[in-house]
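Student: First the structure, then my questions, so here it is.
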Amino acid sequence: SNVLFLVIGTLDAQEYALFVSHNHPDGQAHFNVFSSPRSAQPWGTFTTDTEVPPAMGGPSYDEPVPGHAVSSSKVSKVGRNWDTVLVSRLRFKPDALEPTSL
């Protein structure tokens, strides 16, 4: 049988940025805040790299990554009303019975 662990929470925020990725096991996402954000426009943007620099440490997964990286992001717009954002994280290694972290 499969057991699913899901960690969720909500966040009320006027400005928020969300990033979701698949097949980025050794990469990092960076959020860049615009120095002069404009009304009704996003207040920043995400960039990614494919490997963690050795000097930074961080997670490293010794597993093959088939296919290509897929990601999606959502950045709130400047001057909008507050939103409630659902936040969750779940990651299983292939054939693992437990997620890598909760």
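Every read-out reported here was derived from the displayed coordinates using simple, explicitly stated rules and does not represent laboratory data. Computed from a prediction, not measured in an experiment: that's the story for all the values here. Cβ atoms come from the backbone with ideal geometry, glycine included; neighbour counts cover every protein chain shown.
Student: Stretched out fully, how many nm does the piece from Ala69 to Val87 gain, at 0.36 nm a residue minus the Cα gap? Mind showing how you got there, number by number?
Tutor: Details: separation 18, 0.36 × 18 = 6.48 nm, distance 2.13 nm.
Separation in residues times 0.36 nm, less the Cα-Cα distance, equals 4.3 nm.
Student: So, one more: What's the local net charge at Arg80, with K and R +1, D and E -1, over the other residues with C-beta under 15 Å away?
Tutor: On the way: positive: Arg38, Lys74, Lys77; negative: Asp12, Glu15, Asp83.
It works out to a net charge of 0.
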